[in-house]
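Okay, structure first, notes after.
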């Protein structure tokens, strides 16, 4: 198991490359990022030049574990061509930083989804996206987002529905991003759910519940959760995607100490 730092949220509105320096200083070897450039909603870190990031991560000995791909309403056929064209560009950028996983949401991460949109169209565009990514050795990670607290418009909120979509598409290049924070809010039983579905999961996210802050304190015992998942055979990354309550570097050092004997 690997711990990966989401630079965009830990170093919100700060310089991305300076964030990478602090990720390494805190003791981490893995990072991830939201969009591969300026975020469409105007959030995240600043100055995200992919070529500069590639040079910086090589110099620091860091690997990129995941990035967020294009946003769109995948249930609406009117957006299929635009989404797939944007994905092709993001695949090109992801390869520059050897990023193996591109994260997508079904719909409603920002504006509300088209009420006339269909699951069938989502399956169609996700199948095309998986085929496109798979040709380049990249896995698409479908992420359900909680609709109770953070993403009121989220069309895909429950992991069970996400697993059903992964099964329906049936491609090794489409798996689920299981966000422990989002799913604790929606359904709970996160440890057993992850363990029961490990073959369908490509990436994990973690944040404290409630509040989306550090992993501790909170209602989830993350040392227990992560150790159980690691012992079950999960070897992928766990993305720290939380809002720090203190200086980000000091916060990350605490999270490194919390997980050091469980994940590298």
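General observations
- The residues in the range 133-142 that are out of contact with any strand residue (DSSP E or B) (no Cβ under 8 Å at 6 or more places or on another chain) and part of a helix (DSSP H, G or I) can be counted, and the count is 1.
- Test for residue 125: is it surrounded by 15 or more Cβ atoms within 10 Å (Cβ to Cβ), over 30 Å from residue 56 (Cβ atoms) and modelled with pLDDT of 95 or more: yes
- Residue match in the range 70-83 (condition: part of a loop (DSSP other than H, G, I, E, B), within 26 Å of residue 244 (Cα to Cα), touching a residue at least 12 places away in the same chain (Cβ under 8 Å) and over 17 Å from the mean Cα position of the chain (by Cα)): no
- Test for residue 115: is it surrounded by fewer than 23 Cβ atoms within 10 Å (Cβ to Cβ), farther than 30 Å from residue 264 by Cβ and over 18 Å from the mean Cα position of the chain (by Cα): yes
- Applying a threshold of 7 Å to beta carbon distances and a minimum spacing of six or more residues, or different chains, the list of pairs starting in the range 241-264 at a residue that is free of Cβ contacts under 8 Å to residues at least 40 places away in the same chain and ending at one that is in a loop (DSSP other than H, G, I, E, B) and buried (at least 17 other Cβ atoms within 10 Å of the Cβ) reads 245/213; 245/214.
The values are calculated or read from the model by the stated rules, or taken from the named source; none is laboratory data. Just so we're clear, the structure is a prediction, and the values are computed from it rather than from any experiment. Note that we place each Cβ from the backbone using ideal geometry, even for glycine, and neighbour counts take in every protein chain shown.
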